[in-house]
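The values are calculated or read from the model by the stated rules, or taken from the named source; none is laboratory data. A quick note: this is a predicted structure, and the numbers were derived from the prediction, not measured. Cβ coordinates were reconstructed from backbone atoms using ideal geometry, including for glycine residues, and neighbour counts include every protein chain displayed.
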Amino acid sequence: MKNDIRSALKQALENCYQQGTLSSGEYPAEIQLEVPKNPEHGDYASNLALMLARHEGTPPRQIAEVLVAALRANALFDTVDIAGPGFINFRLAAAYWSTVLHRIDAEQGAFGRSQVGSGIKVQVEFVSANPTGPLHIGHGRGAVVGDALASILAAAGFEVQREYYINDAGNQVQTLGRSILLRLRELQGEVVDFPEDGYQAAYITELAARLRQEQGELADLSEEEAISCCTRFGVEQILAWIDSDLRAFGIEFDNWYSEQSLYDRNMVEQELGRLKQKGLTYEEDQALWLRTTDFGDDKNRVLIKSDGSYTYFASDVAYHLEKFDRGFDRVIDVWGADHHGYIPRMKAMLKGFGLPAEALEVLLIQMVNLLRDGQPFVMGKRSGNFVTLREVIDEVGRDACRFFFLMRRCDSQLDFDLELAKQNSSDNPVYYVQYAHARICSINRNAAEVGMAPPSREEFDFSRLTLDDEIALIRQLSRFPEAVEGAALHYEPHRLVFYLQDLAALLHSYYNRHRVLDEDVRVTSARMYLVNAVRIVLANALSLLGVSAPEKM
């Protein structure tokens, strides 16, 4: 819709220049359109006249009068008016709204998709939790944000890859191995002095018991060999848990990328060598440093420590450079909010290497506050001191879990009320939206019982849709492609949740105030065409979020 209005404005502007009623010849890079806060002001508004005022040397309201005169003959509009200092308000003609419904009926599941990202290859890396324990609810929020964003980007025409980066190198996995070994020795009857920095949750004992059952007590191995064996076993088992939990959450990755593989293939050394060749590194105090302050960071960063060991930053640098070596045009990382300090150094590294800083986008995931009936709640038994994602999925279900995680901007804290998420009432946001879809399916079943079905495009009579509520529904439907595109370009999947809640509210209000299956067969036919367009859009939007669209509830 916005593109249609922009085209009409551009044509009107061109006509004004040709006729001499405007003289600057200026064409804004983008003609801005907004939805008026008050629906009575129209469907859309533009500040084009205000943008042209400086170039024309004329008050914006006078420019608006010239443009409005050129626009009023356009069949796209019912009315074109001027508001305030020179805003142009548009109300679209009835015939336009019928084309929206026809398009939805024709495109079905493809409605809302576009090619705005055509030719752009994007990688979304998300979750990437250390393989040292089960996923917790914080990981779950990052998981659904990354997964939904990947789906939305694909719907907007981007070529998308989902990747999980396995942090299977470094001290944390060694600590996991030592922790499992100590619990194994406890199971063998030894008295163990368990260190404070060890992993002490119940799952470590579970892993030790399983290892003992499958591989024995490792008595023939040296300490180093035993730790290595426990590490490999623990990482393998925990990754299996993570994969299982994510699949239960409706998430599958295109690629699982091992950090250790960077070292096994000498990729860290090779990528740091490329940085050296560009003169971006220097040696000081027997350590190798990266010159990130030259590109916006607050201090330079160590790549190789004085003892010759690599820093975590070194493998992060190699990993991200290798992403672009693989041909990705954009890289989106979904990180916990505690990693905010890493963003400037990563962007500085890319800029130094000659890549645009905007090629890397980092989404920060804020905390989830778990509540039960509005009160803080903790239920992590197996994990020790955190709530696992699987516990929440098992209690409230995949759909509610995914929807609730997407109800706020990812960089704002989220309150997740378990009891609310389980309610079968309009107070539960996901139930409210899904019930809108189920309600329309129920209408179709009731209609079928009396021998009625939604009309074909040729049979549909738009003139039977005369209510303001009906136009409001179609107006909201027409904005779905724009909502998908905006969510993709701004990396904000929560926009579709907001869109769905507004659409569901309009549908429920319409249903409660008007009979879809009316006594007038022609009115019924038109209303069925309308509500089935709503059903299609509800299903399309829910699908992008990874939430089901039930036919019965």
- What pairs come up if the first residue lies in region 231-252 and is more than 22 Å from THR175 (Cα to Cα), the second is part of a loop (DSSP other than H, G, I, E, B), and their beta carbons are under 6 Å apart, counting only those six or more places apart or on different chains? ASP245/LEU135; GLY250/GLY546
- Restricting attention to region 28-54, the residues that are farther than 19 Å from ALA69 by Cβ and either of a type outside the set (Gly, Ala, Ser) or more than 29 Å from the chain's Cα centre (by Cα) (or both) number exactly 14
- Hey, does region 505-521 have a residue that's in a helix (DSSP H, G or I) and within 24 Å of ASP4 (Cα to Cα)? no
- First in region 483-504 and in contact (Cβ under 8 Å) with a residue 40 or more places away in the chain, second anywhere and surrounded by 22 or more Cβ atoms within 10 Å (Cβ to Cβ) and among the acidic types (Asp, Glu), Cβ under 9 Å, 6 or more apart: PRO493/ASP147
- Item | Unmet criterion (only one of (1) closer than 30 Å to VAL145 by Cβ; (2) surrounded by 14 or more Cβ atoms within 10 Å (Cβ to Cβ); (3) of a type in the set (D, E, K, R)) for GLU252 | (2)
- Query: Looking only at strands (runs of 3 or more DSSP E) that fall completely inside region 262-308, which ones have 2 or more residues that are out of contact with any Ser or Thr (no Cβ under 9 Å at 6 or more places or on another chain)?
  - Reply: 281-284
- If a residue has to be closer than 23 Å to LYS278 by Cβ and within 18 Å of the chain's Cα centre (by Cα) to count, how many in region 334-357 make the cut? 0
- Task: Just name the residue that is surrounded by the fewest Cβ atoms within 10 Å (Cβ to Cβ) out of those in region 1-27 that are farther than 14 Å from LEU71 by Cα and within 32 Å of the chain's Cα centre (by Cα).
- Result: ASN3
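Yes/no matrix, rows are residues, columns are (1) surrounded by fewer than 21 Cβ atoms within 10 Å (Cβ to Cβ); (2) modelled with pLDDT under 95; (3) under 20 Å from TRP335 (Cα atoms):
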| residue | (1), (2), (3) |
| --- | --- |
| ASP147 | no, no, yes |
| ILE152 | no, no, yes |
| GLN161 | yes, no, yes |
| VAL191 | yes, yes, no |
| PRO195 | yes, yes, no |
| GLU217 | yes, yes, no |
- Query: Within region 358-368, is even one residue at pLDDT below 95 and crowded, with 16+ Cβ neighbours inside 10 Å?
  - Reply: yes
- Message: On the basis of being within 27 Å of ALA150 (Cα to Cα) and either out of contact with any Lys or Arg (no Cβ under 6 Å at 6 or more places or on another chain) or of a type in the set (A, V, I, L, M, F, W, C) (or both), does LEU272 make the cut?
- Response: no
- Task: Restrict the check to region 236-250 and report whether at least one residue is among the hydroxyl-bearing types (Ser, Thr, Tyr), closer than 30 Å to LEU544 by Cβ and in contact with a strand residue (DSSP E or B) (Cβ under 7 Å, 6 or more places away or on another chain).
- Result: no
- Message: Going by what's in this entry, would LEU321 be described as under 30 Å from the mean Cα position of the chain (by Cα), crowded, with 18+ Cβ neighbours inside 10 Å and not in a strand (DSSP E or B)?
- Response: yes
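Counting just the residues of region 465-477 that are assigned to a helix (DSSP H, G or I) and modelled with pLDDT under 95, which one comes out nearest to ARG113 (Cα to Cα)?
Narrowing region 465-477 to residues assigned to a helix (DSSP H, G or I): 468-477.
Cutting the leftovers down to modelled with pLDDT under 95 gives us 468, 471-472, 475.
Values: ASP468: 27, ILE471: 23, ALA472: 22, ARG475: 18 Å.
Step by step, filter region 465-477, then rank; the result is ARG475.
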- For residues that are in contact with a helix residue (DSSP H, G or I) (Cβ under 6 Å, 6 or more places away or on another chain) and without any contact (Cβ under 8 Å) to a residue 60 or more places away in the chain, scanning just region 458-482, find the one that is farthest from GLU125 (Cα to Cα). ASP469
- Task: Determine which single condition ALA549 fails, assuming it passes every other condition in (1) among the hydrophobic types (A, V, I, L, M, F, W, C); (2) closer than 29 Å to ASP147 by Cα; (3) buried (at least 22 other Cβ atoms within 10 Å of the Cβ).
- Result: (3)
- Item | Pairs, first over 20 Å from SER98 (Cα atoms) in region 67-85, second of a type in the set (D, E, K, R) and not in a strand (DSSP E or B), C-beta under 9 Å, six or more apart | ILE82/ARG61; ILE82/GLU65; GLY84/ARG61; PRO85/ARG61
- Note on the structure: The lone condition GLU196 fails out of (1) farther than 30 Å from VAL268 by Cα; (2) assigned to a loop (DSSP other than H, G, I, E, B); (3) in contact with a helix residue (DSSP H, G or I) (Cβ under 9 Å, 6 or more places away or on another chain) is (3)
- Task: With the condition kept exactly as written, say whether any residue in region 371-384 is surrounded by fewer than 17 Cβ atoms within 10 Å (Cβ to Cβ), assigned to a helix (DSSP H, G or I) and either in the same structural domain as HIS514 (by TED's automatic domain parsing) or touching a residue at least 60 places away in the same chain (Cβ under 8 Å) (or both).
- Result: no
